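Everything on this sheet refers to the single structure shown next.
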Ligand code: SF4
Ligand code: SF4
């Protein structure tokens, strides 16, 4: 094999965990140890703590995060967003997606390997429990192959009972992010008959999580996850990925003393590369691929093969890093990562989106006010030399506090006269009323003029609404 080329003969034609006949090949990843695994373990503790703990954290009695799609109420870092703030949520999501793309362009699938909840739960929780109960990859394989003995029944039952319990806990936490901890606790401690829908949701989520982590596993990353499917268009030769240094590794093979014939054929160059073809990097891979074939859709960047190969290199006394974080260009040309035009443009878009998001959040009003002229009416000419327009007003209180609301004309001589009820809104409440805007005739420079109405609460201007005012033809 040419050492500057990797073998691409047939690995892209099939999935690593499916037979030619379409049958699933169960993957038994070999236990891995090493510096990256250690780091990922510590990092996963922090992430698991945050993921499981955040629904229970409150600011001023309100959750710090809530994604209540049912009631269309969202809380990010303690700030409530209503459907009227959809543009902010959309920009926030867009910023998040661009951020992930930018990160992927530069660092490959760092997200998948280090922070994705699927990987964290699978590799750092469920897999560890499985190893604890059933033993290493060889023991698991033997156990699955053997008949249903008492030992097998006992081990499998214990494992699956623990899996169901953890799935139940995850389902509860997941639901807490959607409906909030108060509602969740009510479902848990109240009369079950009062919360049949909630209980059903918990059971369904438990079933889904159990299925995903006990059976479906790596198929989530390979078959379902849209992010994984997009790798092909996001990665380029400059992206930093978990990569096999084929220049150094090939020609792979057992390190034996070369024959005279081999030495002569190789023009006194080393007959073998650093890869001893032990396949331990394949055995540790949770998606069952051979990273030596190059970057693949199935690779979740979990770094297990880096740790495994480093251990092998230590044993054969070769430098570590035959498999490492590197770019294809870096490996081929021994080049360092450059700030490419694509990275620059993605960064610019990200900065611009962050700027817009920050501005919108910073200037976000605590009320959402809609002021519309009463339908079917134009204007009223009053006997005291004034002209008036009737408006309907709708106000949403987006704060956590009870809020009395009043209105005032901005930069215009005239008055506002409430004819509907005065508005005092509870947190999250929407209410309506009506008022007249009354302007002196001399203010009408045209038959339609623009006016601005200030919305006040306890003397403070909290919103300004622009609208039109109609008057007689001049
Ligand atoms: S672990 Fe390293 S030496 Fe062994 S097959 Fe993989 S790349 Fe080659
Ligand atoms: S190839 Fe390496 S980094 Fe990619 S999923 Fe397999 S073990 Fe993890």
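Rule-based calculations on the coordinates, nothing more; no lab input. What you are looking at is a predicted structure, and each value in this text was computed from that prediction instead of being measured. Virtual Cβ from ideal backbone geometry, glycine too; neighbours counted across all protein chains shown.
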Per residue convex hull volume, Cα only, segment 163-208, in Å³ is 63
Taking Cα atoms, how many degrees apart are the long axis of helix 341-362 and the longest axis of the chain, rounded to 10 and kept between 0 and 90? 40
Between segment 205-225 and segment 118-132, how far is it from one alpha carbon centroid to the other, in angstrom? 13
Relative contact order for the chain: what percent, with Cα pairs under 8 Å and sequence separation of 6 or more? 15
Euclidean distance of C-alpha centroids, segment 438-469 and segment 158-204, integer Å: 51
Separation of alpha-carbon centers, segment 370-399 and segment 30-70, rounded to whole Å: 51
Go ahead and run the numbers for FRET between residue 383 and residue 442, Cβ-Cβ distance against an R0 of 25 Å, rounding to 0.05. 0.95
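Report the extension gain between residue 70 and residue 203 in nm, rounded to one decimal, defined as 0.36 nm multiplied by the number of residues separating them, less their alpha carbon distance.
Stretched out fully, the residue 70 to residue 203 stretch lengthens by 46.1 nm.
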What's the exposure ranking of 299, 309, going from fewest to most Cβ atoms within 10 Å? 299, 309
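With only alpha-carbon atoms in the gyration tensor, what are the semi-axes of the equivalent ellipsoid for the chain, in Å, largest first?
Largest first, the chain gives 63, 31, 16 Å.
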For 216, 246, 163, 339, what ranking results if the residue with the fewest other Cβ atoms within 10 Å of its Cβ goes first? 339, 216, 163, 246
For the chain, what does the helix formula give at 222 nm: sum of -39500 (n - 2.57) over DSSP H segments with n ≥ 4, over the residue count, nearest 500 deg cm²/dmol? -11500 deg cm²/dmol
Would you mind checking the radius of gyration and Dmax of segment 387-463 based on alpha-carbon positions, in Å? 13.6, 42
With angles folded into 0 to 90 degrees, how steeply does helix 304-315 sit against the dominant principal axis of the chain? Use alpha carbons for both and round to 10. 30
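Between residue 161 and residue 148, what length in nm is gained on full extension when 0.36 nm per residue of separation is reduced by their alpha carbon distance? Display every interim value, and only then the final one.
Values: separation 13, 0.36 × 13 = 4.68 nm, distance 1.72 nm.
Contour length minus Cα-Cα distance gives 3.0 nm.
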Final fewest-first order of 148, 154 on the 10 Å Cβ neighbour count is 148, 154
Chain lengthening between residue 229 and residue 354 when straightened (0.36 nm per residue, less Cα-Cα): 42.4 nm
